[in-house]
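Asker: Please find one structure pasted underneath; my questions will follow.
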Amino acid sequence: MRDLDPSAAQLLHMVRAARRVVAFTGAGISTECGIPDFRSPGGLWSQNRPIAFSAYLASPQMRAEAWRRKFAMEPAFRNARPGRGHRAIAHLVAIGKVACVITQNIDNLHQMSGVPTDRLVELHGNGSYAHCLACGLRHEIDEIRLIFEATGAVPDCRACGGIVKTATISFGQPMPEAAMLRARAEAEVCDLFLVIGSSLVVYPAAAIPLIARRHGARLVILNREPTDLDAHADLVVNADIGDTLEPLTRLDG
Ligand code: NAD
């Protein structure tokens, strides 16, 4: 077994010593799975500015554009499998070390890695299905694709005629209240809060690590590049997520 570099060893030590850990993940944990993040060079942000919620509601043309982008990204999401970071976190949940995974991701990979849904908080929803914004009825992506390809238009809800949207949170869209409450509550009671692969610029999600800090948790930020919250962290690891988290699978409770 090769020696760990000092920061990975320190992380292992901190996780071993912790009583209740929260993992807070962003798009950086899924880049090794073939899903681009937002803000790295070549990331989704450089290709297309996101469509705000108000714009999505305002025009059928914007909805069609949003779905065109969704279908273009669909093969990457569909083919993605959990990476080393997801597997390490799932292991820490399985041994009772991580009490809760709070994710900003919409890619379903934590679920696929075996994290039970009652241990997972999705702050920005889930992109693997759609729902009606009026009545909440679930719609499948494939069903929308078939209609879109045949008509060039995004179908309205088959039950109530409301606007159908992926079950994700767009800029300007209200945050899911229950998820935010649970995330804040978990941040308040953990003693170690791990930020993994997030630029920490999307609010209100990015405020959650500071809630943990204020309530006395130690804070670790694991990201390839610096973030605005680094000054608040007990440990910052600017390295690859898979490389850094993989050794945590050695922990056994
Ligand atoms: P972000 O793109 O703003 O930041 C990702 C960070 O991860 C970057 O700072 C980057 O340097 C780092 N990173 C990328 N790959 C890494 C690796 N292998 N090792 C270490 N660091 C790595 O992402 P965010 O903070 O999560 O915010 C973006 C928003 O976009 C989120 O709200 C999320 O909902 C959405 N999003 C989700 C996905 C997904 O579900 N996989 C993908 C893109 C965007």
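Asker: Based on what the data block shows, is residue 52 away from the ligand (no atom under 14 Å from the Cβ), surrounded by fewer than 16 Cβ atoms within 10 Å (Cβ to Cβ) and within 30 Å of residue 185 (Cα to Cα)?
Answerer: So residue 52 fails the test.
Asker: Quick test for you: out of 71, 77, pick the one residue that is away from the ligand (no atom under 11 Å from the Cβ), on the phi < 0 side of the Ramachandran plot and of a type in the set (Phe, Trp, Tyr).
Answerer: Of 71, 77, the one residue that is away from the ligand (no atom under 11 Å from the Cβ), on the phi < 0 side of the Ramachandran plot and of a type in the set (Phe, Trp, Tyr) is 71.
Asker: Residues in region 102-146 that are acidic (Asp, Glu) and under 21 Å from residue 64 (Cβ atoms): how many?
Answerer: Counting residues in region 102-146 that are acidic (Asp, Glu) and under 21 Å from residue 64 (Cβ atoms) gives 3.
Asker: Does region 87-105 include one or more residues that are assigned to a loop (DSSP other than H, G, I, E, B), within 14 Å of the ligand (Cβ to nearest atom), farther than 27 Å from residue 23 by Cβ and open to solvent by 10 Å² or more (accessible area, probe 1.4 Å)?
Answerer: No, region 87-105 contains no residue that is assigned to a loop (DSSP other than H, G, I, E, B), within 14 Å of the ligand (Cβ to nearest atom), farther than 27 Å from residue 23 by Cβ and open to solvent by 10 Å² or more (accessible area, probe 1.4 Å).
Asker: If I filter region 6-27 down to residues being of a type outside the set (Gly, Ala, Ser) and in contact with a Phe, Trp or Tyr (Cβ under 7 Å, 6 or more places away or on another chain), which single residue comes out as surrounded by the fewest Cβ atoms within 10 Å (Cβ to Cβ)?
Answerer: Applying the filter and picking the extreme gives 22.
Asker: Could you check how many residues of region 234-253 are more than 20 Å from the chain's Cα centre (by Cα) and closer than 12 Å to residue 194 by Cα?
Answerer: Result for region 234-253: 2.
Asker: Right, next: Go through region 6-42 and give me each residue that's in contact with a strand residue (DSSP E or B) (Cβ under 9 Å, 6 or more places away or on another chain), within 16 Å of the ligand (Cβ to nearest atom) and not aliphatic (A, V, I, L, M).
Answerer: 7, 24, 25, 26, 28
Matching residues to (1) part of a helix (DSSP H, G or I); (2) under 15 Å from residue 221 (Cβ atoms); (3) at pLDDT below 95:
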{"residue": "9", "(1), (2), (3)": "yes, no, yes"}
{"residue": "14", "(1), (2), (3)": "yes, yes, no"}
{"residue": "19", "(1), (2), (3)": "no, no, no"}
{"residue": "42", "(1), (2), (3)": "no, no, yes"}
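Asker: Would you confirm, using the coordinates I've provided, whether residue 206 is in contact (Cβ under 8 Å) with a residue 60 or more places away in the chain and within 24 Å of residue 83 (Cα to Cα)?
Answerer: no
Asker: Of all the residues that make up region 221-244, how many are assigned to a helix (DSSP H, G or I), more than 11 Å from the ligand (Cβ to nearest atom) and surrounded by 14 or more Cβ atoms within 10 Å (Cβ to Cβ)?
Answerer: Going through region 221-244 one residue at a time, the tally reaches 2.
Asker: Continuing with this model, one more query. Which is more than 17 Å from residue 29 (Cβ to Cβ), among the polar types (S, T, N, Q) and buried (at least 21 other Cβ atoms within 10 Å of the Cβ), of 151, 166?
Answerer: 166
Asker: Of the residues 214, 184, 218, only one is within 19 Å of the chain's Cα centre (by Cα), of a type outside the set (A, V, I, L, M, F, W, C) and more than 16 Å from the ligand (Cβ to nearest atom); which?
Answerer: Answer to the check: 184.
Asker: Considering only residues that are buried (at least 17 other Cβ atoms within 10 Å of the Cβ) and of a type in the set (Gly, Ala, Ser), look in region 192-208 and name the one that is farthest from residue 220 (Cα to Cα).
Answerer: 205
Asker: Further question: So, in region 106-128, exactly how many residues are assigned to a strand (DSSP E or B) and away from the ligand (no atom under 14 Å from the Cβ)?
Answerer: 0
Asker: Against the definition (open to solvent by less than 60 Å² (accessible area, probe 1.4 Å) and in contact with a helix residue (DSSP H, G or I) (Cβ under 7 Å, 6 or more places away or on another chain)), how does residue 184 come out, yes or no?
Answerer: Spelling it out, it is not the case that residue 184 is open to solvent by less than 60 Å² (accessible area, probe 1.4 Å) and in contact with a helix residue (DSSP H, G or I) (Cβ under 7 Å, 6 or more places away or on another chain).
The values are calculated or read from the model by the stated rules, or taken from the named source; none is laboratory data. All values derive from a computational prediction rather than experimental measurement. Glycine also receives a Cβ, built like all others from the backbone with ideal geometry; neighbour counts cover every protein chain displayed. For the accessible areas, the whole protein counts, side chains as well, though only heavy atoms, and no ligand, DNA or RNA atoms are used. Shrake-Rupley method; radii C 1.70, N 1.55, O 1.52, S 1.80 Å.
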